[in-house]
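To start, the structure itself, in structure tokens.
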Amino acid sequence: MIHKVNQPTDVPTTKDKSFIDGFGLITLLSALFTFIMFLYTVFNNERILQIVAFLLFLGFVIGFVLNILKLEKTTRLYMSLYPPTMFMLIIVLIGGFFGQALAFATMAFLAFIAYRNKPKIRLAIITYDILAFIIPTIYITLYGPVLGHINLPWDEILVFIASLTWLSQTFRVYDETKTRKYTNELEKKHNTLKANEIELQIAQDSLKEQNQKLNALNQDLAKKNKQIEEFTFIVTHDLKSPLNNINIISNQLLKQPDSTTFYHFKEHFKHLEGSSNRLTNLVLGLLEYAETGNSDKMKIIDCQEIVEQIIADHSQMIKNNNATVLINDLPNIIGRERDIRMLFQNLLHNALKFSSLKNAPKIVISSEENDNFYQFKIRDNGIGITKDQQQNIFKAFNKLHHQSEFEGSGIGLYGCKRVIDTHKGDIWVESIEDQGSTFYFTISKNLLGKNNFQPIS
């Protein structure tokens, strides 16, 4: 918003200063002309004319001095009243002439320009100029001049030149005023355009911000739609397969004759158990998948404590595999505790499950801190992952091994990827087949700004 600052009335503005400069030139030229007249009377006329010429010259000198002292208002008022007053006295004392009428008309016009913004003062001075000419002229017509008719030397020429000079300066000042007014209007329009440009820029920035938010919402919507498609795939494919298997085996059991041996029943139940376990694993995986990103609010998490608890939960599996798990100092981070627990649990469980038969499992969990994120590393000496599969392991329901080799739902690593996405990080793997794998993932430090942050209790 542009605020207009009003200038104090007692401080001359640029407009006033320009007009006063013009008025000062008028007083200077008037003093010069009357001085020439005074010099002429000194050498060629009687004393009475010398006194009148000197008083006329002295009056204009006073006006010029006032202008030099920068008494602008005083100078303007003085020069508006002195000339008609002086001419009025001259008419009364020594008679009138046509040049004085021209001078009065000029002074009236000068007052019209000088006080164009003050109509009451302008009307009073113009009225004074008219009366100052008419009343003395009527008086000398009836009674004659007080000192008798005396002709001033070169008076018509000097008054004509003075009046012409006054008019020239008046028109010049008036033209400058009009030009300055036009310039001020242009500047005002420029400031308005500039203010509108600023407001337009603010509106554009706001629109850009809204578009960015809309784009983020569209991306979230696309992710949600993808998740819906994945759930649909699970329901129509992965869950359908074990359920169909259970239904087929159940129908076969119902059709078995009474003479069927226990061995055949045992085989059927073994297949039922396998299908049931697959179904259970899928349901559990779906539950974990559904909770990812929605489990709880952001808070401060002690990763060291969480990993130690997970190791304790897997103690029997670690003991059975004769495994070694080493933990370096892990940091406190901001995140969703249940998601972070599931992340470490899935990666540690995979490292134990996909161990090599050649040597005992050894797992090392470590981390390092960077400017904007924490980077974690889980290294094992298991069976490794082939290069052509390393890009696919984080996709939903991707299984590297047959169900008969390693049980699993194919959701675990995809769930890990979702956890990392929620925490503004990345996850990747470096692996050599038959030599082991190293999983890397990062957790952003810039999660404090989220409105779902909750301080640790």
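The values are calculated or read from the model by the stated rules, or taken from the named source; none is laboratory data. All figures in this text were calculated on a predicted structure; none of them were measured in a lab. Cβ placement follows ideal geometry from the backbone for every residue including glycine, while neighbour counts extend to all protein chains displayed.
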Leu347 passes all but one of the listed conditions (1) surrounded by 20 or more Cβ atoms within 10 Å (Cβ to Cβ); (2) not in a helix (DSSP H, G or I); the exception is number (2)
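Taking Leu69 as the residue in question, decide whether it is surrounded by fewer than 20 Cβ atoms within 10 Å (Cβ to Cβ) and either touching a Gly at 6+ places or on another chain (Cβ under 6 Å) or of a type outside the set (D, E, K, R) (or both). Reasoning before the result, please.
Details: surrounded by fewer than 20 Cβ atoms within 10 Å (Cβ to Cβ): yes; either touching a Gly at 6+ places or on another chain (Cβ under 6 Å) or of a type outside the set (D, E, K, R) (or both): yes.
Judged against the criteria, Leu69 is a match.
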Every pair of residues 6+ apart whose Cβ atoms lie under 7 Å, when the first sits in segment 104-133 and is in the same structural domain as Met79 (by TED's automatic domain parsing) and of a type in the set (Lys, Arg) while the second is surrounded by 14 or more Cβ atoms within 10 Å (Cβ to Cβ) and assigned to a helix (DSSP H, G or I) | Arg116/Arg122; Arg122/Ala111; Arg122/Phe112
Matching option when the condition is assigned to a helix (DSSP H, G or I) and at pLDDT below 85, among Thr34, Thr74, Thr85 = Thr34
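Here is a yes/no grid of residues against (1) surrounded by fewer than 20 Cβ atoms within 10 Å (Cβ to Cβ); (2) among the aliphatic types (A, V, I, L, M); (3) closer than 20 Å to Ala114 by Cβ:
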position	(1), (2), (3)
Thr27	no, no, yes
Leu32	yes, yes, no
Gln50	yes, no, no
Pro83	no, no, yes
Gly95	no, no, no
Which one of these does Val11 not meet: (1) farther than 30 Å from Tyr143 by Cα; (2) modelled with pLDDT of 70 or more?
-> (2)
Determine if segment 68-81 includes at least one residue that is β-branched (Val, Ile, Thr), more than 13 Å from Asn151 (Cα to Cα) and touching a residue at least 12 places away in the same chain (Cβ under 8 Å).
-> yes
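Please state which one of Leu164, Leu193 is modelled with pLDDT of 70 or more, under 60 Å from the mean Cα position of the chain (by Cα) and of a type in the set (A, V, I, L, M, F, W, C). Steps first, please.
Numbers: Leu164 fails: modelled with pLDDT of 70 or more.
None of the others qualify; the one that does is Leu193.
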